[in-house]
Amino acid sequence: MNRTKPGRARLRYWFIFPMLFFISLVLAADTLPTFDNYKVTEIWTAKPAKPVLRSPADRMLRTHIRERAKEGPNFAGHFTIVEWGCGTMCTSFVVVNAKNGSIYAPKEVPYGIAISYRSDSSLLITDSADKIKEIFGENVDLATCKAYTKGTRYYRWDGKKFRPIAFVPCAQIVSH
């Protein structure tokens, strides 16, 4: 009787599932998420709540956060993304809830060159191919792309956290 040890079976699953996930991303490259795939039903039109500054980082950027939050929701119906530069080719941001003023600083989204979002969608895109080519030119090379980003990332905002849903590496961006 040829039995595989339980540890080896688990090891195979740890290898197989990430590979399947990667293959699904490659196969899905022609069907990448769009803003229309992640429409929200409610758009907040009332006066936005004043941001609740809780962390030292929030307080350090208080004027910028307050000014942008006053402009009202620009993301996922009732949220405001407040962006700022964090160095050369670097964008950081927080998400402010226009209903209650709570601030969310996403740790699951790495700093990027640029982010793309819409008020009627819960999709957030970092370092999109369009933005990369807009900044570096249509004929951007792989080394330049990799120097600033690993590729385009797609996230779905669930109201509390960003969930990764797709990734396109630099090699695929520069080949198109």
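None of the figures in this text is laboratory data; all of them are computed from the coordinates on show. Source: prediction; values computed, not measured. Methodologically, a virtual Cβ is constructed for each residue, glycine included, from the backbone with ideal geometry; neighbour enumeration extends over all protein chains shown.
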Compare the peptides 129-141, 72-84, 152-164 by average per-residue count of other Cβ atoms within 10 angstrom and give them in order, highest first. 72-84, 152-164, 129-141
Give me the base-10 log of I(q)/I(0) for the range 85-151 at each q in 0.16, 0.21 Å⁻¹, Debye formula, one uniform scatterer per Cα, rounded to two decimals. -0.61, -0.94
Whole-number Å³ per residue for the convex hull built on Cα positions in the range 49-114: 86
Zone residues, the range 144-173, relative to residue 49, backbone N less than 16 Å from point 7 Å out along Cα-to-Cβ: 159-161
Given H placed 1.01 Å from N in the peptide plane, which residues other than close sequence neighbours of residue 165 have an amide H under 5 Å from its amide H? 154, 155, 156
Calculate the translational D of the range 32-174 in whole µm² s⁻¹ from Stokes-Einstein, where the hydrodynamic radius comes from the Kirkwood formula applied to all Cα pairs, the temperature is 20 °C and the viscosity 1.002 mPa s. 136
Treat each spin label as a single point 7 Å out from the Cα along the C-beta direction, and report the residue 42 to residue 171 distance in nm. 4.4
Residue 53's amide H: which non-local residues (gap 5+, or another chain) put their own amide H closer than 5 Å, with H modeled 1.01 Å from N in plane and none for Pro or chain starts? none
Give, as ranges by residue number, the residues of the range 34-67 whose backbone N falls under 17 Å from the point 7 Å along Cα→Cβ of residue 108. 38
